[in-house]
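First comes the structure, then the notes that go with it.
The values are calculated or read from the model by the stated rules, or taken from the named source; none is laboratory data. This one's a predicted model, so the numbers in the text were calculated from it and none came from an experiment. Reconstructed Cβ throughout: ideal geometry from the backbone, glycine too, with neighbour counts over all protein chains shown.
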Amino acid sequence: MVQAKFISDMKRLIFSFFSVIVSWYNFAQNNNFATQKDTTHLDEIQIIGRHKLSHYRQEKTLSSIDDYLEKANKITMIKRGNYAWEPTLNNMASERLNITIDGMQIFGACTDKMDPITSYVDVSNLDNVNIGSGQSGNENGHCIGGSIDLKLPDSKFYESGLKTSVDLGYETNGNYKISGLDLEYSGKSFYFNLDGIFRKSDNYKSGNNQEVLYSQFQKYNLSLQTGIKVSENHSIDANIIYDKANDVGYPALPMDVSLAEAVITSLSHNYSNNSNFIKTLESKLYFNSITHIMDDSKRPDVPIRMDMPGWSNTFGFYSKAQVSTNKHHSSFNLNGYYNQSLAEMTMYPNNSNEPDMFMHTWPDIRTLNTGFFVKDIYQINSNAAITNSARLSYQNNRIAKEEGLESLKIFYPDIEANKSRILTSIVSVYNFKKEQYSYSFGLGYGSRAPSVSEGYAFYIFNSYDNFDYIGNPNLKNEKALEVNFSSSMHKNNFHIGIEASYFRISDYIIGDIDPTISPMTIGANGVKLHKSLDYATIFDIYLNSSYQLSSKFSVNGTIGYNYGKASNRKYLPFIKPLSYLAEINYSTQKFNAAIQLTGNGNQSQYSSFYGENKTPAYALLNCNLGNAFDYNNNKIVLKYGIENLLDTKYSTFADWNGILRQGRNFYINLSFILK
């Protein structure tokens, strides 16, 4: 029955996919209107990949994607170790975000969130990262806090021939070694790009030369992208990414990871025609599979040995179109996915005479989601535009394991195996821009379904607050009202900007203690059930400024404040305290240098109920330099510097269980770009 249901669901997805391709393609061929080009650009885009971004301008060319994301104002990375940091946006963690790879839905396979989506790609795979704050990030799926889309490179029929680049990197703290190779060929009707990167680190040391045990990791990443131009307007692209990490230590957790492996594949058709009503049409089929195995075999003393493997498989599609007519620039996206999430736990008692204990921590949850997104940018005049977007989706969750259903019925006797939901999202943003100043104002409303863990977890241990967690299939959709504002001014060489957002989240999902239930984990404080609070509020504001002192010197700075509290009068966890950054830059054609001061204030608004402790203020001094050399038609880029120059010993609010961060670190990155 399970297999038959799976095949039926997949047939519906694939039928919808091909129906949309055919109808949109015919519409594009039969509607040829003269249109006005719209250059309005409203999305926040952070370029990070080496495909387009100049190596010379990057602070550290071989940084991990985690390092790059953490530089964005509204993003913070929760650290459980030296690898696979979990991104938060607008002070909201991954459950409230929509994180995709080139528009493809992909879900981690770890119940302890040790494998966020960002851990399964590398900067070598990517062209840029699109960050959508709040409901502005609703194109690929529903969210509350926003979206992060890790964009793969577009089709590249540049006729530039064969190019190669080699990357080498070394960092003293942790004996961290990096090597990468990129091979690219671009012709008139065919291209391919093959790249690989290897990263390996030993245990790093915090300030004052204190070793942080179990912080080692090793990672391989291979990527192949290829495409064929069928005609002037049509092309077909194929992508495959293989990512494997092993021997990954997590000093903030009681277990490590022996394997985190992903295969991410896609096949897409692209249509473009500037003279047609439909400018572009992209249709994609994709599949990804993740295997994640937690392991405590290298820990010398644990109360009970455990194996905790997890699997996540996702089939999906999307079809996107861009349409222009007169003052309107519109986008459409029909997408869907089918995901299977399964996780197990086997406990091995120290007494060999006692039987092993086994249970499904994720009881084979099948999620079917289909939705439609529409966005319209209306150019009111040369200075003003209004952007409206909306999304409507249907989602069905099903517990495929009968024993998993029966286990959850212990706590929820009346639950059914299936649960269907309707999700909605709408946002409107007004933008005004003149030569010296600009501002925007937006209003949004959106909803999201509970995550697999929130809805169906069965005794998942959270080492942060030391409680076992049980999901709740009866949770309501979480809803959010959002207001955002931004303004900036440019005058001569001076720039200043401010951005702020406010969220009021109804039926806010969070764990709450149930004293009637006994914990499963030895030493746990108790059990928390996922429940809905009446509401929670989150507010953030950032002030950015820069000044060009001369053609070579510039200074810039940022200061931010965040606040979050729930209806139970408790502060929300992982809310960023006062933060700041100040930087002085010197730049010429072949050399650049920068000194940076960054830090956080005291975390005085913390919540001990959710496992937090007061985090003291800290400040770091960093220095980075770079040289670029031309040799014939080739280029050599050298980046080097010192992080945490004063060897400060510190921990931040986002460090799980207060693990210490890296102390002083010398690094060097060398890139050879051969044409």
- For the range 407-430, state whether one or more residues are touching a Leu at 6+ places or on another chain (Cβ under 9 Å), in a strand (DSSP E or B), of a type in the set (D, E, K, R) and under 25 Å from residue 137 (Cβ atoms). no
- Item | Residues of the range 31-89 satisfying the condition of being part of a strand (DSSP E or B) and either under 28 Å from residue 442 (Cβ atoms) or at pLDDT below 50 (or both) | 44, 45, 46, 75, 76, 77, 78, 86, 87, 88, 89
- Message: For the structure I just gave you, tell me whether residue 649 is surrounded by fewer than 17 Cβ atoms within 10 Å (Cβ to Cβ), charged (D, E, K, R) and in contact with a helix residue (DSSP H, G or I) (Cβ under 6 Å, 6 or more places away or on another chain).
- Response: yes
- Task: State which residue is farthest from residue 344 (Cα to Cα) when the search covers only the range 440-481 and only residues that are charged (D, E, K, R) and part of a loop (DSSP other than H, G, I, E, B).
- Result: 476
- Note on the structure: The condition from (1) closer than 29 Å to residue 388 by Cα; (2) of a type outside the set (S, T, N, Q); (3) over 25 Å from the mean Cα position of the chain (by Cα) that residue 542 misses is numbered (3)
- Query: Looking at the range 407-417, is at least one residue touching a Ser or Thr at 6+ places or on another chain (Cβ under 6 Å) and in contact (Cβ under 8 Å) with a residue 40 or more places away in the chain?
  - Reply: no
- Item | Failed criterion for residue 269 (all others in (1) modelled with pLDDT of 95 or more; (2) crowded, with 18+ Cβ neighbours inside 10 Å hold) | (2)
- Looking at the range 176-220, which of its residues are assigned to a loop (DSSP other than H, G, I, E, B) and either surrounded by fewer than 21 Cβ atoms within 10 Å (Cβ to Cβ) or not β-branched (Val, Ile, Thr) (or both)? 187, 188, 189, 202, 203, 204, 213, 214, 215, 216
- Query: Is it the case that the range 359-375 has a residue that's over 24 Å from residue 292 (Cβ atoms), surrounded by 15 or more Cβ atoms within 10 Å (Cβ to Cβ) and among the aromatic types (Phe, Trp, Tyr)?
  - Reply: yes
- Note on the structure: When (1) within 22 Å of residue 330 (Cα to Cα); (2) modelled with pLDDT of 95 or more are applied to residue 119, the one that fails is (1)
- Query: Does residue 204 meet the test of being of a type in the set (Phe, Trp, Tyr), farther than 24 Å from residue 102 by Cα and more than 21 Å from the chain's Cα centre (by Cα)?
  - Reply: yes
- residue 107 passes all but one of (1) modelled with pLDDT under 95; (2) surrounded by fewer than 24 Cβ atoms within 10 Å (Cβ to Cβ); which number fails? (1)
- Note on the structure: The one condition residue 158 fails out of (1) among the hydroxyl-bearing types (Ser, Thr, Tyr); (2) farther than 29 Å from residue 464 by Cβ; (3) buried (at least 24 other Cβ atoms within 10 Å of the Cβ) is (3)
- Which one of these is in contact with a Leu (Cβ under 8 Å, 6 or more places away or on another chain), in contact (Cβ under 8 Å) with a residue 24 or more places away in the chain and over 16 Å from residue 205 (Cα atoms): 645, 621, 674, 625? 621
- Within the range 586-596, is there a residue that is within 30 Å of residue 530 (Cα to Cα) and of a type outside the set (Phe, Trp, Tyr)? no
- Item | Exclusive hit being more than 30 Å from residue 662 (Cα to Cα), out of contact with any Pro (no Cβ under 6 Å at 6 or more places or on another chain), of a type in the set (Val, Ile, Thr) and at pLDDT 95 or above, set 178, 144 | 144
- Single match in 519, 573, 515, 473 (criterion: in contact with a strand residue (DSSP E or B) (Cβ under 9 Å, 6 or more places away or on another chain) and free of Cβ contacts under 8 Å to residues at least 12 places away in the same chain): 515
- The correct count of residues that are buried (at least 24 other Cβ atoms within 10 Å of the Cβ) and touching an Asp or Glu at 6+ places or on another chain (Cβ under 8 Å) in the range 120-131 is 3
- Task: Being within 26 Å of the chain's Cα centre (by Cα) and either of a type in the set (Ser, Thr, Tyr) or within 21 Å of residue 675 (Cα to Cα) (or both) is the filter here, so list the residues in the range 599-617 that pass it.
- Result: 606, 607, 610, 615
- Query: Can we say residue 554 is touching a Phe, Trp or Tyr at 6+ places or on another chain (Cβ under 9 Å), of a type in the set (Gly, Ala, Ser) and more than 27 Å from residue 134 (Cα to Cα)?
  - Reply: yes
- Can you name every residue in the range 341-358 that is surrounded by fewer than 21 Cβ atoms within 10 Å (Cβ to Cβ) and either of a type in the set (Ser, Thr, Tyr) or assigned to a strand (DSSP E or B) (or both)? 344, 346, 347, 348, 352, 357, 358
- Task: Of all residues in the range 411-435, count the ones that are closer than 30 Å to residue 364 by Cα and of a type in the set (A, V, I, L, M).
- Result: 4
